[in-house]
Amino acid sequence: MEGSPHRVSDVMSRAAVAVGRRAQFKDMVERMEQWQVSALPVLEGDGRVIGLVSEADLLPKEEFRGTDPDRLTRQRRLSDLAKAGAVTAEELMSTPAVTVHADATLAEAARIMALRHVKRLPVVNAEGVLEGVVSRGDLLKVFLRSDNALADEIRRDIVDVLFPAPVEPVHITVTDGVATLTGRVKDAARIPLATRLIHGVEGVVGVDCRLTATGET
């Protein structure tokens, strides 16, 4: 994973567990347990994603077991009550599936997950064919980058570009993902830009920019 921003293709799992529309309830529960996943893409014969079955889609069967919901509950939870009586992926799946493309940035994928309240996204190509799955945990992999790798990227792509001839050498240290910069530069206006760009480096946890410019005390 060189350079920022990273893409979904850098972190996604390509060995995706999926089911067909006729998959049975128990089979889906068993697959989720076996593969430790919280959702299963539902595919057409050509591998195109047509929906998604999540743990939330399966839980109504247990929630409403042996109950007789009142009228208000039936009105408010009509969809969940229908899923409580469902037995196949086609009956249970949420459709259309919330998906993402492999070339999306990790920030874009994170926004989709947050807005749509999902933990996993099927990764599809332009035709909607499944290429893999990306999870919340996958998006956090960038924070496993080494401090040295982060410092090298900050030096190469930001500091050397914005401050090619500093008044004093710019020192960069990264500890536990927090980048600290010290030194003196000529252009004070570029210091806030440098801070903003460093915050955008995938894997950086925080920035402590102590750069000063010529004339500053």
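Readers should treat all values here as calculations from the given coordinates under stated rules, not as data from a laboratory. Please read these numbers as outputs of a predicted model, since none were measured by experiment. Note that we place each Cβ from the backbone using ideal geometry, even for glycine, and neighbour counts take in every protein chain shown.
Averaging 1/r over each pair of different alpha-carbon atoms in segment 145-213 and inverting the result gives 11.6 Å, the Kirkwood hydrodynamic radius. Take segment 3-152, drop everything but the C-alpha atoms, weight them equally and run the Debye formula without solvent; then report log10 I(q)/I(0) at 0.11, 0.19 Å⁻¹ to two decimals. Log10 I(q)/I(0), no solvent term: -0.48, -1.11.
Spin-label model, R71 to I112: label points 7 Å out along the Cα-to-beta-carbon direction sit 4.3 nm apart. Summarising the strand pairing of segment 82-217, around 50 percent of its internal DSSP beta bridges are antiparallel.
Based on other C-beta atoms within 10 Å, arrange L52, L139 from fewest to most. All intermediate terms of the calculation are to be shown ahead of the outcome.
Values: L52 24, L139 20.
So the ranking, lowest neighbour count to highest, is L139, L52.
How many percent of DSSP beta bridges within segment 8-142 run antiparallel, rounded to 5? The partial results should precede the final answer.
Numbers: 14 of 18 bridges.
Among the beta bridges of segment 8-142, antiparallel pairing accounts for roughly 80 percent.
Net charge dipole, the chain: roughly 520 debye, given to the nearest 20, about the Cα centre with Cβ charges of +1 for Lys and Arg and -1 for Asp and Glu.
Give me V98, V205 sorted ascending by neighbouring Cβ count inside 10 Å, so fewest comes first.
Working: V98 18, V205 13.
Lowest to highest Cβ neighbour count: V205, V98.
Distance cut-off 23 Å, Cα to Cα: go down the list K61/K141; K26/K83; K26/K119 and report the pairs above it. Correct reply: K61/K141. Our estimate of slack between N125 and S38, defined as 0.36 nm per intervening residue step minus the Cα-Cα distance, is 29.1 nm.
Over segment 67-161, what is the relative contact order in whole percent, taking alpha-carbon pairs under 8 Å and six or more residues apart? Show your work: numbers first, answer last.
Details: 54 pairs, mean separation 15.9, N = 95.
Here the relative contact order equals 17 percent.
Could you tell me which trypsin sites (Lys or Arg not before Pro) in segment 119-187 are loop residues by DSSP with no more than 14 other beta carbons within 10 angstrom of their beta carbon? The qualifying sites are K119, K186. For G51, the amide hydrogen comes within under 5 Å of the amide hydrogens of V42, A97, counting only partners 5 or more places away or on other chains and with H modelled in the peptide plane.
For segment 145-213, what proportion of DSSP beta bridges, expressed in % and rounded to the nearest 5, is antiparallel? Mind dumping the intermediate values first?
Values: 5 of 13 bridges.
Of the beta bridges lying entirely in segment 145-213, close to 40 percent run antiparallel.
Each of T67, T105 was scored by other Cβ atoms within 10 Å of its Cβ. Listed from fewest to most, they are T67, T105.
Starting from segment 1-85, pick out the trypsin sites (Lys or Arg not before Pro) whose DSSP state is loop and whose Cβ has at most 13 other Cβ atoms within 10 Å.
On the way: sites: R7, R14, R21, R22, K26, R31, R48, K61, R65, R71, R74, R76, R77, K83; in loops: R14, R21, R22, R65, R77.
Here the trypsin sites (Lys or Arg not before Pro) that fit, given the DSSP loop and packing criteria, are R14, R22, R65.
Taking a point 7 Å out from the Cα of D147 in the direction of its Cβ, the residues of segment 178-208 whose backbone N falls within less than 15 Å of it are 178-182, 204-208. Exposed loop sites, defined as GluC sites (Glu not before Pro) outside DSSP H, G, I, E and B with at most 16 other Cβ atoms within 10 Å, are absent from the longest region of the chain, namely 128-215.
Once C-alpha pairs closer than 8 Å and six or more residues apart are averaged by separation and normalised to the residue number of the chain, the relative contact order reads 20 percent.
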